[in-house]
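For reference, the structure is listed below as C-alpha cells.
The values are calculated or read from the model by the stated rules, or taken from the named source; none is laboratory data. Predicted model, so just to flag it, every value in this text is computed and none were measured. Every residue, glycine among them, receives a Cβ derived from its backbone with ideal geometry; neighbour counts consider all protein chains shown.
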Amino acid sequence: MTNEALLEVRGLKVGFPTPDGLVRASDTVDLEIYPRETLGLIGETGSGKTVLGMAILRLLQPNAAIEGEIRYRDRDLLTLPEDEMRKVRGREIGIVLQNSGTSLNPVYTVGTQIAEAVTLHQGLSGHDARQRAVELLDAVGIPDPVRMAGEYPHRFSGGMRERALIATALACRPTLLIADEPTKGLDAVTKRGIVDLFSEIDRDRSVLFITHDIETVEDLAARVAVMYAGEIVEVGGVREVFWDPAHPYTRGLLASLPERGMRPIPGSAPSLITLPPGCRFSPRCGCAIGGCNREHPGLVEVGPGHYARCMLYD
Amino acid sequence: MIEVTDLETNFSTGFIHRRVVRAVDGVSFWIEEGETLGLVGESGCGKTTLGRSILRLIEPDRGRIVVDGTDVTALSRSELRRFRPRMQMIFQDAYASLNPRMRVSESVAEPLKIHRMGSRADIDRKVRELIEEVGLNEEHLNRRPYELSGGQNQRVALARVLALKPKFLVADEPTSALDVSVQAQILNLIRDLGRDYRMTCLYISHDLGVTRAMSSRVAVMLEGRIVEIGRTADVFDRPCHSYTQRLVDAALAGRARAPPERPPLPAAPTMVEVRSGHWVEETV
C-alpha cells in the first residue's frame, strides 16, 4: 500500500509489574493501519493482542509501563493530554470490547446506552439521540429496533448484544474501529451474521479486527498480523500469510485447524515473565537451528509487504 | 450400545405465569459401540440438555435410554449411582467443572475414592498413571485449577473421567473455549483415548470442522429435534435438510471467497532428532 497510514504503532512496549516480575505483554510492536482497510490481528490467549488494542485508546490500567509511539493523524496518542484523548475515544476511534455480556450496563436500556454516546459526542438532544439509537440498531440488523431500544441487555441474545455494542461503537462514525473478539462464543450462524455486518461497515472506515478465529480473518481482512508471546511474528496480505506462511508458528497454527490436519504445535506458549532467550518460539519450533535460542530475530521481508520474524530468512 | 427412544425434556419457567419449554422434543437415535456421534446445532437448540438428559443429570420427562444393555430410565437412584462410572461427561468450561480447592491429585483421586476403586496406594499409583496418560506430569499433581491453563484443566477433567473407565462419554464442547493449537492437542487426545479405551462417545459441538474431524456420524439438532443424522461426510457434503444446508453455508461462506487456485499448504513437517541438536524432516 502506497498511501499514508492512518495509525502507526512504533516500538510499543507494554509491561505490567507483578510480584513475580514484569509481564511483558507487548514487546516492540510495530504496526500500521491504512485508511479503509481491515487489519486482522490473530494470536492465542495471552499473546498480547487485546493489550495492543487497549493501548491504542489508552484504556490500560494506570500501573502499566508503556513505551513507544502511537501516531494517529500527526498526533502521538501516548502523549496527548487526557481531555484531547477523550475526544479521540469514541469519536475518532471506536472500540468494541470483549465479552458483550459485561460491556453493557444491565440497569439501563440498550437504547439509552447508545443515545448516551451520541449525546456526549455529537451534542444531539434527548429525542434526536434516541432516534439515532433506533437507526443504529436497525443498521446493525436488530429486528424491531424501536421496541428493542427500550429493552434491557439481558433480553438480548449473545449475537444481538454484540450487534448492540457494534452500534454503540459506530454511533459517532469513527474513522477507526477496534473490535476485540466480536465473534467469540457465538455459534456458526450467528457468527456469520456478525462477520457479514463487519464486511458491510468496513467500506468507509479502518478496522482492527482482533480475534483468534483464523477463518473470520480470512473472510474480512486484506492484511493480517500474527502475534506470539507479545511480539508480531508475521505480517502480510491474508493470502500470502494463510496460503504460504513464512513463520513456523503461523504454519503450526494453521496445521492445528481441524480442516488442515489438526496437528498440534508441541508444548505451550512461554510465560511473559520469563521469556526464552533468542527467538521466543524456538523451544517449540521444529525448524529451529543452532542460533535460534541465542539470537533474537527481527522482522525480515520475505515477499512484497510480507514480513516474518525468523532466522530462516536472515 | 446407546439407544435413545423418543426422549423428551421440559423446563418450566416463570413463577406466576408458568410456561413450559420443551428443550428436547421426542429425540431418537442410536450410537454403535466405539463410535463417536457428533451433535451439532446453534446455541439454545437443546444439544446440552440432550447430553445431560441421556446421563440423567437432568431427569427426562419421557422416553427410554438404553446404555450398554441397561435401561437407564428404569434405574432407581441408588442403582443409577452404581451405574454412573460407566457413563461420564466432560464440559465446555473445565475450570468451572473442577473444584477450585482441590489439587490435581485430589481431583483425579476423587472418583476412584467415591466408587471405592482400590486401596490408598493403588489410587495413588493410578492417579500418576492417569496424569501421564493425559499428557501432564508429576509437577502438576500439586497444582490447583487456577494455576493451570485452560487446556491443562481440560486434561485434568479427562483424567477424572478416564479413572472410571467409562463405556460412554458425553463431551459437551470441550474445546470451544480453547485456542486452535491447544484445541488440536485436546482433540487428538480425546480421539486417541477414545480408541484406547474403546469408548462410545456423543460429541457436542457447534463447530462443523471439529465435528467432521471427531465423528463418523453426525446428528443435526434444531429447536429440540434432530433434523438430520447420517455419516458425517454425507450430511455435511450433501445436506438434505434446509437447516443443515444453512449451517454448512454459514461455515463455508468464507471458503467460497478464498483463493481456490492453490492447494492447501501441507502441514508443517514433523522434525525428528537423529542425534543431539541434529534434526531431520521425517519421511512419511
query = Within region A:281-291, is even one residue surrounded by 21 or more Cβ atoms within 10 Å (Cβ to Cβ), out of contact with any Phe, Trp or Tyr (no Cβ under 7 Å at 6 or more places or on another chain) and more than 13 Å from chain B (Cβ to nearest Cβ)?
reply = no
task = Please indicate, with yes or no, whether at least one residue in region B:148-163 is in a loop (DSSP other than H, G, I, E, B), within 14 Å of chain A (Cβ to nearest Cβ) and at pLDDT below 90.
result = yes
Pair list, Cβ under 7 Å, 6 or more apart: region A:169-197 residue within 8 Å of another protein chain (Cβ to nearest Cβ) and buried (at least 20 other Cβ atoms within 10 Å of the Cβ), other residue hydroxyl-bearing (Ser, Thr, Tyr) and not in a strand (DSSP E or B) = A:Asp187/B:Ser43; A:Lys191/A:Thr183; A:Val195/A:Thr183; A:Val195/A:Thr216
message = Within region A:201-217, does at least one residue satisfy the condition of being of a type in the set (S, T, N, Q), more than 20 Å from A:Asp138 (Cβ to Cβ), at the interface with chain B (Cβ under 8 Å from one of its Cβ atoms) and part of a helix (DSSP H, G or I)?
response = yes
Among residues of region B:58-73, those that are outside any strand (DSSP E or B) and under 17 Å from B:Leu202 (Cβ atoms), counted = 5
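Listed here are the residues, each with its yes/no results for (1) in contact (Cβ under 8 Å) with a residue 40 or more places away in the chain; (2) assigned to a strand (DSSP E or B); (3) among the β-branched types (Val, Ile, Thr).
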{"position": "B:Pro166", "(1), (2), (3)": "yes, no, no"}
{"position": "B:Ser176", "(1), (2), (3)": "yes, no, no"}
{"position": "B:Ser181", "(1), (2), (3)": "no, no, no"}
{"position": "B:Gly194", "(1), (2), (3)": "yes, no, no"}
{"position": "B:Cys201", "(1), (2), (3)": "yes, yes, no"}
{"position": "B:Gly209", "(1), (2), (3)": "yes, no, no"}
{"position": "B:Ala213", "(1), (2), (3)": "no, no, no"}
task = Of all residues in region A:30-41, count the ones that are in contact with a Phe, Trp or Tyr (Cβ under 9 Å, 6 or more places away or on another chain) and either within 13 Å of chain B (Cβ to nearest Cβ) or more than 18 Å from A:Leu220 (Cβ to Cβ) (or both).
result = 1
query = For region B:133-149, what are the residues that are out of contact with any Ser or Thr (no Cβ under 7 Å at 6 or more places or on another chain) and small (Gly, Ala, Ser)?
reply = B:Gly135
key: Residues satisfying the stated conditions in region A:246-261, i.e. facing chain B (nearest Cβ under 7 Å) and small (Gly, Ala, Ser)   = A:Gly252, A:Ala255, A:Ser256, A:Gly261
query = Out of B:Ser53, B:Ser78, which single residue is over 26 Å from A:Thr183 (Cβ atoms), exposed (fewer than 15 other Cβ atoms within 10 Å of the Cβ) and of a type in the set (S, T, N, Q)?
reply = B:Ser78
request  = Mind counting the residues in region B:183-192 that are touching a residue at least 12 places away in the same chain (Cβ under 8 Å) and polar (S, T, N, Q)?
outcome  = 2
message = I'm trying to understand the selection: among the residues of region B:225-242, which are in contact with a helix residue (DSSP H, G or I) (Cβ under 8 Å, 6 or more places away or on another chain), in contact (Cβ under 8 Å) with a residue 40 or more places away in the chain and farther than 8 Å from B:Gly38 by Cβ?
response = B:Ile229
task = Tell me the helices (runs of 4 or more DSSP H) entirely within region A:1-114 that contain at least 2 residues that are under 30 Å from A:His127 (Cα atoms).
result = A:82-88, A:100-103
key: Total residues in region A:220-245, condition within 21 Å of B:Leu178 (Cα to Cα) and either at the interface with chain B (Cβ under 9 Å from one of its Cβ atoms) or of a type outside the set (Val, Ile, Thr) (or both)   = 7
query = Which of the residues spanning region A:135-176 are assigned to a helix (DSSP H, G or I) and of a type in the set (D, E, K, R)?
reply = A:Glu135, A:Asp138, A:Arg147, A:Arg155, A:Arg161, A:Glu162, A:Arg163
message = For region B:164-188, give me each residue that is more than 9 Å from chain A (Cβ to nearest Cβ) and touching a Lys or Arg at 6+ places or on another chain (Cβ under 7 Å).
response = B:Pro166, B:Lys167, B:Phe168
key: Among the residues listed as A:Gly40, A:Gly101, the single one being small (Gly, Ala, Ser) and modelled with pLDDT of 95 or more   = A:Gly40
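Filter region B:164-182 down to residues that are more than 13 Å from B:Arg86 (Cβ to Cβ) and among the aliphatic types (A, V, I, L, M) and give me whichever is surrounded by the fewest Cβ atoms within 10 Å (Cβ to Cβ).
B:Ala177
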